[in-house]
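The values are calculated or read from the model by the stated rules, or taken from the named source; none is laboratory data. These figures come from a predicted structure and were not determined experimentally. With ideal geometry, Cβ positions are generated from the backbone for all residues, glycine too; neighbour counts draw on all protein chains shown.
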């Protein structure tokens, strides 16, 4: 799976979506115009009834219709897109009846779900997303929603929790993580927003029908127009189904293939699909139709022309060539070895890491990464696991990650923690820090990602207090290490009311300046000798996305706000540009032929800030 190609495809599909939307709006406007001409006789020529004729061309009526109907549809779509941009995936989950699962949940099924999502997220190199359960839905289904990989949520139905085994649930979650990594989530949100305006016509028609029933005089025109709007709205719904089907179906095949690649366990995904064949996947919520393209499976009995998902039998047959549709049933398949004889995919380690290998690993993880993540989480002390599932404990863990190993600085930091959150948080932070120092830097990013979901359950003022304390801990020694900066950025992006705002357009000269500053910063962080630093920077410029000449800037006084701006500019660039930047960053770090754990995690952290998630670089896979 090529992360950058998939992201680029999602961008192209978004542009096509705009084109399809414009064509659908033109069709709807034309239909309303013709209806107005015929029903109200606005184009009737003057003369006797016998000689009256319908004149179809009336520029004034056409302009009025285009402005009224087009404006109505556009405003409806923009309103929906704006609300989705503010609420993101959480808003979609809530609209469909989803309930946020507390990280401290004691329900065994919910705990299993959180564990599966955590393992997948850390293996993929993204923050562990909030998890929702649709309690009223007893079919087997799931979806992922969000504007960016770092802002997604995962939702499953109650039926999925109760009917699927762990392997089957992992297959479903792997499918949804493919949508997260491939850029499908943002496309799906835009699709909901774009189609919302067209659906409003049907709602307006229903309002006119109610008004016509309550009118003593003049109700006939309202009744006629209401019926027309409902009919035209139905045409809009038909267009919407065609658009969703065109966007979604092929990407479902890709997500199935990715789920198998991630888990190396086809029986899990096949088992879930077979159970859907026996139990069903229907979503009963009244707003399910507008989000049907987002679900793991529709389960609806509809013509294949309008289906947003391929037929179940076809999806299963692609995975298991020996599958007999007559044997579709709800029973759990017997556990057994994988049906594939392929060798496990090679994964990057510190010892075999190359620039091309690192670039290829972006957005693509393997079963070894999932197994490694499972082992890593299992190695965390029970006290740390309990802490990151509680908002207060998760805050203490983040504070612990920032505590200095130098006693003089640590004392000041602990005093600030106690002043803001009390003595118990101070003691917990110190205890967690001692374990983290001994465990080493490879735990820092996973623990950070695992801590964020619990903190998202807090109110906005409580989150802001945590962010203020984190900023104070970082600034306590009057210097900011690159890891401290990355942690601060990840936490601020994860807990702020809104994610970082990215510019719509950046000049090439600004991009080159920004790229040079980032590469110089990485070169100085990983190379002590001045000549080695310059050599690493020069090597990186040869693969960077912009042509020479390059000047190596002095980044020793580069502030956090400036680095925020730099990463924001680079993260907003097209996938092809970011791919070259990832290769340039890897070239800097790998220039001396040695990679430490700290350097490897540093490289992953920077690429994560560029929205290019990288799985853990394995040295200790067992």
Does residue 387 satisfy the condition of being assigned to a helix (DSSP H, G or I) and either modelled with pLDDT of 95 or more or buried (at least 17 other Cβ atoms within 10 Å of the Cβ) (or both)?
yes
Checking residue 328 against (1) more than 30 Å from residue 32 (Cβ to Cβ); (2) touching a helix residue (DSSP H, G or I) at 6+ places or on another chain (Cβ under 7 Å); (3) at pLDDT 80 or above, only one condition comes out false. Which one?
(3)
So residue 562, is it outside the structural domain of residue 396 (by TED's automatic domain parsing), surrounded by fewer than 18 Cβ atoms within 10 Å (Cβ to Cβ), at pLDDT 85 or above and under 31 Å from the mean Cα position of the chain (by Cα)
yes
Given the condition out of contact with any strand residue (DSSP E or B) (no Cβ under 9 Å at 6 or more places or on another chain) and crowded, with 24+ Cβ neighbours inside 10 Å, answer yes or no: does some residue in region 201-212 qualify?
yes
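So that you can scan it fast, the table gives a plain yes or no per residue for (1) assigned to a loop (DSSP other than H, G, I, E, B); (2) under 27 Å from residue 259 (Cβ atoms); (3) at pLDDT 75 or above:
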position: 173; (1), (2), (3): no, yes, yes
position: 187; (1), (2), (3): no, yes, yes
position: 190; (1), (2), (3): no, yes, yes
position: 197; (1), (2), (3): no, no, yes
position: 200; (1), (2), (3): no, no, yes
position: 204; (1), (2), (3): no, no, yes
position: 212; (1), (2), (3): no, no, no
position: 220; (1), (2), (3): no, no, no
Is it true that some residue in region 575-592 is surrounded by fewer than 17 Cβ atoms within 10 Å (Cβ to Cβ), farther than 24 Å from residue 2 by Cβ and over 20 Å from the mean Cα position of the chain (by Cα)?
yes
Considering residues that are at pLDDT 90 or above and within 35 Å of the chain's Cα centre (by Cα), the number found within region 524-544 is 9
Here are 539, 535, 523: which of them is under 17 Å from residue 353 (Cβ atoms), out of contact with any strand residue (DSSP E or B) (no Cβ under 6 Å at 6 or more places or on another chain), part of a helix (DSSP H, G or I) and in contact (Cβ under 8 Å) with a residue 12 or more places away in the chain?
539
Which numbered condition residue 589 misses (of (1) within 22 Å of residue 356 (Cα to Cα); (2) in a loop (DSSP other than H, G, I, E, B); (3) touching a helix residue (DSSP H, G or I) at 6+ places or on another chain (Cβ under 7 Å))
(2)
Might you let me know whether region 455-473 holds any residue that is touching a helix residue (DSSP H, G or I) at 6+ places or on another chain (Cβ under 7 Å), crowded, with 20+ Cβ neighbours inside 10 Å and farther than 23 Å from residue 103 by Cα?
yes
On the basis of being modelled with pLDDT under 90, buried (at least 20 other Cβ atoms within 10 Å of the Cβ) and either touching a strand residue (DSSP E or B) at 6+ places or on another chain (Cβ under 7 Å) or in the same structural domain as residue 471 (by TED's automatic domain parsing) (or both), does residue 487 make the cut?
yes
Residue count, region 418-435 (criterion: crowded, with 21+ Cβ neighbours inside 10 Å and either under 20 Å from residue 377 (Cβ atoms) or touching a strand residue (DSSP E or B) at 6+ places or on another chain (Cβ under 9 Å) (or both)):
3
Enumerate the helices (runs of 4 or more DSSP H) found wholly within region 397-473, keeping only those where 3 or more residues are more than 26 Å from residue 615 (Cα to Cα).
407-421, 423-439
Of the residues 276, 243, 230, which single one is buried (at least 24 other Cβ atoms within 10 Å of the Cβ) and either touching a strand residue (DSSP E or B) at 6+ places or on another chain (Cβ under 7 Å) or at pLDDT 70 or above (or both)?
276
